[in-house]
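*Asks:* The following block contains the structure, expressed as structure tokens.
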Amino acid sequence: MTTASPEEPALPDGDFDSRTAEAHRSQAEGRIFPCEACGADVVFHIGTQQLKCPYCGHTQALALSETELQERDYEAQLKSLREHHETLDFETGLKEVRCDSCGGTVVFEGNLASTDCPYCTSPIQLEHVHEVETRIRPDGVLPFLVDEKRARKSLRDWVHGLWFAPNDFRHADMSGRFSGVYLPFWTFDSMTYTVYSGQRGETYTVRVGTGKNRRTETRVRWYPAGGDFQRFFDDVLVIACREMSPDLIAGMEPWPLQKAIPFNREVLAGYLARTYDTELETGFREARPRIERALESDVRRRIGGDRQRIHKMDVGYSAVTFKYLFLPVWLLSYKYKGKVYRVMINAATGRVSGQRPWSMVKIILTVLLGLFIVLGLWGLLSVFAG
């Protein structure tokens, strides 16, 4: 199974003869990766980082590209999409299928004809290829580095560390089926130029009032501040699936993107992959708030003082580049007391990000214990002060 985004050929409009139609069908079938020893389909083996035959055990090396993973010019790509509609690559052999249950799009490769949707577990079949008019080709892929055994251990450790989870959940058997999926991401590089103005606040204390009303107040002296600076951002990551939870995705960070390799379909053998449905331009719009939050922190540090006010912050972007990457994730959905929860595991690091139940009893007891400690300390202080 494989990845997304690429493009399988759409049949041309209008009349065409049977030989032309057959040629298009043949091209859309894609390539399989036969075992050099027995001819069966091989899959990508995480432990060896090679292709391995599940039948005879033969392994064979990946056909890795000698070129390095390259950035692409953002503005030039947008211009190409708007003016020329990037042509589909007949050699990708990737066929997009949309799940009727959840609307997610997965990609079939080679002779795979049916599977379960990795997002909602509904069965899906390759009956009709979803035609794609304009797609951006993938630039790179980060291979699976964490196998299922290690992923399950990471999950168990995560569950046991959930202090405010119900006790029966923390000791539950999390033996559901894992799905290995490649999810699509945009990464953006950009030089930024920021011009800002605001105020720097310096605090001081004064004694005010008389008698029993005498007290100390904290006040602030404000001074004007402003300036400009440049900062380069590298590999700002944006998930390219609208249905994926941003919180769960963020919980899997960071990713070892330095281990990504130029796009190689062999790495995807045996796995599903999700095609992007967040377009490139939308992806950069979603990256900008993340960049600007970092720039706001920079501005506050530059203003200095004890407090800061930002009146204006104008950000310019230049030399914007992007990559379209596939990153590996182990997915698991489980039920607890009738409710479905989703867990994602970064299949390059083992980091777990998931939904979980909460124990209100534990939370209430912790709050009451905290109040008891505070009241006890207050009582002791009152005794000593008296």
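*Asks:* Restricting the search to the range 233-262, which residues are touching a Pro at 6+ places or on another chain (Cβ under 9 Å) and of a type in the set (Lys, Arg)?
*Replies:* Result: Lys259, single match.
*Asks:* Quick check: is even one residue across the range 292-313 assigned to a strand (DSSP E or B), surrounded by fewer than 19 Cβ atoms within 10 Å (Cβ to Cβ), touching a residue at least 60 places away in the same chain (Cβ under 8 Å) and hydrophobic (A, V, I, L, M, F, W, C)? Walk me through it before giving the result.
*Replies:* So in the range 292-313, the residues assigned to a strand (DSSP E or B) come out as 307-313.
Still in the list and also surrounded by fewer than 19 Cβ atoms within 10 Å (Cβ to Cβ): 307-313.
Those left that are additionally touching a residue at least 60 places away in the same chain (Cβ under 8 Å): 307-313.
Next, only the ones that are hydrophobic (A, V, I, L, M, F, W, C) stay: 310, 313.
Yes, some residue in the range 292-313 is assigned to a strand (DSSP E or B), surrounded by fewer than 19 Cβ atoms within 10 Å (Cβ to Cβ), touching a residue at least 60 places away in the same chain (Cβ under 8 Å) and hydrophobic (A, V, I, L, M, F, W, C).
*Asks:* Please go through the range 267-283 and pick out each residue that is surrounded by 21 or more Cβ atoms within 10 Å (Cβ to Cβ) and at negative phi.
*Replies:* First pass over the range 267-283, keeping only residues surrounded by 21 or more Cβ atoms within 10 Å (Cβ to Cβ): 267-276, 283.
Passing the criteria: Val267, Leu268, Ala269, Tyr271, Leu272, Ala273, Arg274, Thr275, Tyr276, Gly283.
*Asks:* With Gly316, Gly379 as the choices, which residue is within 30 Å of Gln199 (Cβ to Cβ) and exposed (fewer than 15 other Cβ atoms within 10 Å of the Cβ)?
*Replies:* None of the other options fit; the residue is Gly316.
*Asks:* What pairs can you find where one residue is in the range 246-272 and closer than 15 Å to Leu325 by Cβ, the other is buried (at least 18 other Cβ atoms within 10 Å of the Cβ) and among the β-branched types (Val, Ile, Thr), and their Cβ atoms are less than 6 Å apart, with a gap of 6+ or different chains?
*Replies:* Ile249/Ile239; Phe263/Val141; Val267/Val141; Leu268/Thr2; Leu268/Thr3
*Asks:* Further question: Check off (1) basic (Lys, Arg); (2) in a strand (DSSP E or B); (3) farther than 30 Å from Tyr193 by Cα for Lys212 and give me the number that stays unchecked.
*Replies:* Single failed check for Lys212: (2).
*Asks:* Now for a separate question. Considering each of Val206, Val267, Val238 in turn, give the residue that is under 30 Å from Leu64 (Cβ atoms) and either out of contact with any helix residue (DSSP H, G or I) (no Cβ under 9 Å at 6 or more places or on another chain) or assigned to a helix (DSSP H, G or I) (or both). If you could, list the steps in order and put the result at the bottom.
*Replies:* Working: Val206 fails: under 30 Å from Leu64 (Cβ atoms); Val238 fails: either out of contact with any helix residue (DSSP H, G or I) (no Cβ under 9 Å at 6 or more places or on another chain) or assigned to a helix (DSSP H, G or I) (or both).
Going through Val206, Val267, Val238 in turn, just one is under 30 Å from Leu64 (Cβ atoms) and either out of contact with any helix residue (DSSP H, G or I) (no Cβ under 9 Å at 6 or more places or on another chain) or assigned to a helix (DSSP H, G or I) (or both): Val267.
*Asks:* Do we find a residue being under 30 Å from Arg135 (Cβ atoms) and either among the small types (Gly, Ala, Ser) or out of contact with any Lys or Arg (no Cβ under 7 Å at 6 or more places or on another chain) (or both) anywhere in the range 369-386?
*Replies:* Of the residues in the range 369-386, the ones under 30 Å from Arg135 (Cβ atoms) are none.
Within the range 369-386 (the criterion being under 30 Å from Arg135 (Cβ atoms) and either among the small types (Gly, Ala, Ser) or out of contact with any Lys or Arg (no Cβ under 7 Å at 6 or more places or on another chain) (or both)), the answer is no, since none of the residues qualifies.
*Asks:* Within the range 209-233, restricting attention to residues that are at pLDDT 95 or above and either charged (D, E, K, R) or in contact with a helix residue (DSSP H, G or I) (Cβ under 9 Å, 6 or more places away or on another chain) (or both), which residue is surrounded by the most Cβ atoms within 10 Å (Cβ to Cβ)?
*Replies:* Ala225
The values are calculated or read from the model by the stated rules, or taken from the named source; none is laboratory data. On a predicted model such as this, the values are computed, not experimentally measured, just so you know. Cβ atoms come from the backbone with ideal geometry, glycine included; neighbour counts cover every protein chain shown.
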